[in-house]
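A.B. asks: Dropping a structure here in structure tokens format, bear with me for questions.
Derivation of every value follows stated rules applied to the coordinates shown; laboratory data play no part. The shown structure was predicted, so the numbers you read here are calculated from the model rather than taken from an experiment. Cβ placement follows ideal geometry from the backbone for every residue including glycine, while neighbour counts extend to all protein chains displayed.
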Amino acid sequence: MEHIVIIGNGVAGVTVARHIRKNSDKRITIISGETDYFFSRTALMYVYMGHMKFEHTQPYESWFWKKNRIELKSAWVESVSGANKSIKFTDGQSISFDKLILATGSIPNKFGWPGQDLDGVQGMYHKQDLEKLEKNAPNNSVCKRAVIVGGGLIGIEMAEMLHSRHIPVTFLVRESSFWNGVLPAGESALVNEEILANGIDLRLEQNLEEIIDDGNGRCKAIKIKETGEIIECDVVGLTAGVSPNVSFLKNSDIELGRGVMVNRFLETSVKDVYAIGDCAEQRESIGRRRPIEAVWYTGRMMGESLAQTICGNATKYNPGHWFNSAKFMDVEYQTYGWVSGSRKPDFEDQFHWRHPVENICVTVAYHKDTDEFLGINTFGIRMRHEIFDRWLTENRKVDDVMTYLKDANFDPEFYSKHEDAIISHYNKERGKQIKPVKKSWKRIFA
Amino acid sequence: MKAIHHIGLIIFLIGLTIFTGSIFAGSFDLQKEELNSFLESKGIANDFIIKELNEDVVSKGPMGIFEFSSSVRGALEKNNVHYDALIAKYDAAKDWDNKGKQYQYRINEKDFRAISFSLAKKSAIGFVVENKGLMWLLTFGLGILGSLMFIAPQLQLLGRKGIKNNGIYHSAATNRGWIAWLVLVYLVTFYIVLYFMADYVVNWTFIVDPISLFLSGNEASQWFVYGFLYCVLMSVMALRMYIKYRHNKYQVLRTTSVLFFQIVLAFLIPEIMTSLQMPAYDFKNAFPLDYDFFFSWNLDSLLDSGAIGLFILVWGIVLTVIIVPVMVYFFGKRWYCSWVCGCGGLAETLGDPYRQNSSKKLISWKLERWLIHSVLVFSLVMTIVTLYAYFTGANSLLGIPADWIKDAYSVLIGAWFAGVIGTGFYPIFGNRVWCRFGCPLAAYLGLVQRFKSRFRITTNGGQCISCGNCSTYCEQGIDVRAYAQKGENIVRASCVGCGICSAVCPRGVLKLENGPETGRINPTEVLLGNDVDLMDLLNKGK
């Protein structure tokens, strides 16, 4: 029986395993050193905040694996040989495979800052990081202040985590506004405000110079490059992005770029070795997507696709329209299609509406010349994925999207609706006469 | 703000302590005339019991409630022993005439506590009886004041509006810690005493006598105490809901709705009906949750009450047979379970802090389905036997004695399951123990919801990140994530539509909605967002 070995028990590895099991009888082994069972990485923050226990982040009960004949191996991989079809573990043992799937995810970036390896300095990615944070920052008497370096999604999550335990947080962001490489200016400004409203000391355009040792190998302060300011702190969170977790493959026969190089079938340079999820780097670009996408959904989708290939139905990884979501403190964010931040292409125009009081806003991107709808970002409004996926496929015009915007609303019942205000603003700004059409189940389920 | 919060807790605990301690206060000194008038009103006229009660209770003078209760019950017991002996004697002598005569003098053991309660109510002396208003302030007054002081500062302490479940799993009160166990013991004891030893808490009834007299013209029973307490708890804890979910209109409206139905329909209207000499009726309490609706005493009482009685009889049947299922078709069982029902109302207010403790294990779901449907069958069998007995005059059907099955259901399901376990177990097993595992009406609504309804919780395409907040905070123990991460809508029979899964979802994945039946159930292999051809290939063939 063919033995499929998967390194990594994150969403990519587990999805591919589940789908291989659905379609075949192959022997499946998942290797992980991080945890015994699959958990939702994105939910680690809620464990620290006390919303959940760690066990709640595990989507499957522990009997699930045995029942589905998915073997779990708890070990760290030291090296891989594609030619010999074998894996060596750090404890000296080894295992052989017929097909290998690399799904090892990411590791937090460190940019060679002085003091980056001191105690109290940590990322927020692995389960071990959660345990470290519980030790480093159990409350605001042990951790009197924390500094977070890097203004991305993990950075703001970590700020929210610490804030939930009333630990003062200084948040260093390299850019002139939070995540403005991705978010349009109006939205980025809204998130800045949300961060400040929560009492977080947001420092825009400030970078880390060094982390200062207290003499015992523990951080006691950081120094800011631009101002020379010293900020005392007990914890430093390094959240300046992530990179593929592939260092254990450096001496293997598998070709690496920043990640594991794969073609559209998610095949690496070595036969019978595949890579999916955060650690995979696409050789050829897919639409406007980046070659490495460290996103939950793409990990899952690669798993869904690769399982087909492994089970004899050769299937390209061919993701549909881009979508994503996040939550910035108390503001939910969703995106469908492409809405650009500061690196906006020439052909893109944007329409932006913001609620006069609440932290609610919408940005719609469309093609300057053709008026074709390119994408939408919403803050504080939930939108229906299926509707936008369909509208993007149909290359709808932006006016059309506005007209039927009510079909796309996904907010809970009784919430105040904003479509009328959005459309009236749109009409004013673009000199249009669009009348919003009432929501129709018929169209939604068309 | 923190100080107010803490002082509030202390004041609440003082109020609770006085309330609990008041049980032991005062004494009970039954007078001969009081006893005689009571016995006369009950039509008890045998010399033996009069002599025993006079000797064991009246002549003993003032006693504490526990001694009083055991003296009364002891006298009643002696009476039964006496007549049992006579019955045995005449039986041996084959003197059937005299043997048959003795049975009327026996007193049903089920009535012992009620007799003790009535006599205690007549004979109480001391602080509580003499200072009803002051006692109200010291118990309910301090409790309400303390709770409000504890809850209101959360408007600021919780932080900005939004989902603030911070620290729930760090607290001994909400994470099955020692506080939770203490609360469980208190609640279980409370219900056991209320259902089975009501005479012990007769003092509580004095505290609310003035309110009861004002509303219905009658003195308060233990059920009035419970009803009043129920409304107070729900009102106070509704404030907590309003603060916690102030950003969420669904929750605000839902909380207001359960509060209205409890206070007006379950509490005030029945009291007012009593004052108008009508049969008291909770117009929203549908059979089979209202399990004694078809009991002979209720049918007789309704049929004796003229037009209003007849209206209630018809309404009760129409409610269960037509209104309930039709509404479930359009809105899901939530219209009842989390917008109208009293049990649901308590669960959604008092019980909300415990919602995360419901078990999400597959085995719990299996247990749930067996239990709740068994209770539904039990309630229907019980009702059929009862109605058969009512209309034919027979004592039993298929060998099932009507009185026996009625009593069994009342005690096992009505008291133990719905009360002692259903509410008492909130702090450890979540706030919907009764609604999830026991309520026959919920089982009935659930069957309609699962198979014939427009209601579903829509999963938003591929947006789920499997974080588990939805499952964790589902009070009914539904593993919501299991569906959401597959892109499947949630159409489970047990879903009461509280809307919290949708509220706590950080990615906007879940929406409660009523829509066309087509597409309501949507099993998927591959989620939205992936290759269109792959989705077509794998999803359409299903």
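A.B. asks: Plugging the Kirkwood radius over Cα pairs into Stokes-Einstein for region B:137-270, at a temperature of 25 °C and a viscosity of 0.890 mPa s, what D comes out in µm²/s?
C.D. replies: Numbers: Rh = 17.0 Å.
Translational diffusion coefficient: 145 µm²/s.
A.B. asks: Now for a separate question. Apply the Kirkwood formula to region B:328-398: the hydrodynamic radius equals the inverse of the mean of 1/r over all pairs of different alpha-carbon atoms; give it in Å with one decimal.
C.D. replies: Numbers: mean 1/r = 0.0651 Å⁻¹.
One decimal place: 15.4 Å for the Kirkwood radius.
A.B. asks: Could you give the distance between the Cα centres of region B:291-330 and region B:1-44, to the whole Å?
C.D. replies: Region B:291-330 and region B:1-44 have Cα centres spaced 35 Å from each other.
A.B. asks: Would you compute, for the Cα atoms of region B:27-124, the largest minus smallest coordinate along each principal axis and list the three values in descending order, in whole Å?
C.D. replies: Projected onto its principal axes, the Cα set of region B:27-124 covers 47, 23, 23 Å.
A.B. asks: Per residue, how big is the convex hull around the C-alpha atoms of region B:362-440? Give it to me in cubic angstrom, could you?
C.D. replies: Working: hull volume 6.1 nm³, N = 79.
Cα-based convex hull of region B:362-440, divided per residue, equals 77 Å³.
A.B. asks: To continue, here is another question. I need the phi-derived Karplus couplings for region B:462-477: 6.51 cos²θ - 1.76 cosθ + 1.60, θ = phi - 60°, integer Hz, Gly and Pro marked x.
C.D. replies: 3J(HN,Hα) across region B:462-477, in whole Hz: x, 6, 5, 10, 6, 5, x, 4, 4, 5, 4, 9, 6, 5, 8, x.
A.B. asks: A further question follows. Note down the Stokes-Einstein diffusion coefficient of region B:381-524 in µm²/s, whole number, using a Kirkwood radius over alpha carbon pairs, 37 °C, and 0.692 mPa s.
C.D. replies: In µm²/s, the coefficient rounds to 188.
A.B. asks: Another question about this same structure. Which trypsin sites (Lys or Arg not before Pro) in region B:324-363 sit in a loop by DSSP (not H, G, I, E or B) and have at most 14 other Cβ atoms within 10 Å of their own Cβ?
C.D. replies: Answer in residue order: B:361.
A.B. asks: In straight Cα distance, which aspartates and glutamates are under 13 Å from residue A:442, not counting same-chain residues fewer than 8 positions off?
C.D. replies: Straight-line reach from residue A:442, under 13 Å: A:407, B:517.
A.B. asks: Still on this structure: At q = 0.08 Å⁻¹, what log₁₀ I(q)/I(0) does chain B have when each alpha carbon counts as one equal point scatterer in the Debye sum?
C.D. replies: Values, matching the q order: -0.62.
A.B. asks: Another question about this same structure. Restrict the search to region A:341-446; then list the GluC sites (Glu not before Pro) that DSSP places in a loop and that have at most 13 other Cβ atoms within 10 Å of their Cβ.
C.D. replies: Those that pass, being in a loop and sparsely packed, are A:394.
A.B. asks: Which lysines have a Cα less than 19 Å from the Cα of residue B:161, not counting those fewer than 8 places away in the same chain?
C.D. replies: A:327, A:417, B:2, B:244, B:249
A.B. asks: I need the Debye-formula profile for region B:454-540: one equal scatterer per C-alpha, no solvent, reported as log10 I(q)/I(0) at q = 0.17, 0.21, 0.25 1/Å, two decimals.
C.D. replies: -0.65, -0.96, -1.26
A.B. asks: If you don't mind, there's one more thing I want to ask. Could you go through region B:435-443 in sequence order and give the Karplus-derived ³J(HN,Hα) for each residue, using 6.51 cos²θ - 1.76 cosθ + 1.60 with θ = phi - 60°, rounded to whole Hz, and x for Gly and Pro?
C.D. replies: 5, 7, 9, x, 6, x, 5, 4, 5
A.B. asks: Net charge near residue B:444: determine it from the other residues with C-beta under 13 Å of the C-beta of residue B:444, scoring Lys and Arg +1 and Asp and Glu -1.
C.D. replies: Summing Lys/Arg as +1 and Asp/Glu as -1 gives +2.
A.B. asks: Taking springs between alpha-carbon atoms closer than 10 angstrom, which of A:32, A:305, A:269 fluctuates most in the Gaussian network model of chain A?
C.D. replies: Per the Cα network of chain A with a 10 Å cutoff, A:269 tops the list.
A.B. asks: For region A:75-104, which chymotrypsin sites (Phe, Trp or Tyr not before Pro) pass both filters: DSSP loop (anything but H, G, I, E, B) and at most 14 other C-beta atoms within 10 Å? Could you put the intermediate results ahead of the total?
C.D. replies: On the way: sites: A:76, A:89, A:97; in loops: A:76, A:97.
Sites meeting the loop and neighbour criteria: A:76.
A.B. asks: Can you give the Rg to Rh ratio for region B:175-354, taking only C-alpha atoms and Rh from Kirkwood?
C.D. replies: Reported Rg/Rh (Cα atoms, Kirkwood Rh): 0.99.
A.B. asks: Another one. What is the antiparallel percent of DSSP beta bridges lying wholly in chain B, to the nearest 5?
C.D. replies: Counting DSSP beta bridges with both partners in chain B, the antiparallel share is about 90 percent.
A.B. asks: In the neighborhood of residue A:407, defined by Cβ-to-Cβ distances under 15 Å, what is the net charge if each Lys or Arg adds +1 and each Asp or Glu adds -1? Numbers along the way, then the final one.
C.D. replies: Numbers: positive: A:382, A:384, A:390, A:396, A:406, A:417, A:435, A:438, A:439, A:442, A:443, B:511; negative: A:386, A:389, A:394, A:399, A:400, A:411, A:419, A:420, B:513.
Surrounding charge for residue A:407 is +3.
A.B. asks: Can you compute the charge dipole magnitude of the protein assembly as shown about its Cα centre, using +1 on each Lys and Arg Cβ and -1 on each Asp and Glu Cβ, nothing else charged? Give it in debye, rounded to the nearest 20.
C.D. replies: Numbers: 106 positive and 100 negative charges, 345 e Å.
Charge dipole, the protein assembly as shown, about its Cα centre: 1660 debye, nearest 20.
A.B. asks: Give or take rounding to whole Å, what are the principal axis extents of the alpha carbon atoms in the protein assembly as shown, in descending order?
C.D. replies: Principal-axis extents of the Cα atoms in the protein assembly as shown, largest first: 105, 71, 63 Å.
A.B. asks: Would you please calculate the Kirkwood hydrodynamic radius of chain A over all C-alpha pairs and express it in Å, rounded to one decimal?
C.D. replies: Value: 23.7 Å, from the Cα pair sum.
A.B. asks: Here's a follow-up. Hey, what's the Kirkwood Rh for region A:324-392 if you take every pair of different alpha carbons, in angstrom?
C.D. replies: That comes to 12.6 Å for region A:324-392.
A.B. asks: For region B:255-345, report the % of Cα-Cα distances exceeding 23 Å.
C.D. replies: Numbers: 963 of 4095 pairs.
Within region B:255-345, distances greater than 23 Å cover 24 percent of Cα pairs.
A.B. asks: Same structure, new question: Report the percentage of all Cα-Cα pairs in region B:473-518 whose separation exceeds 12 Å, rounded to a whole percent.
C.D. replies: Result: 63 percent of Cα pairs exceed 12 Å.
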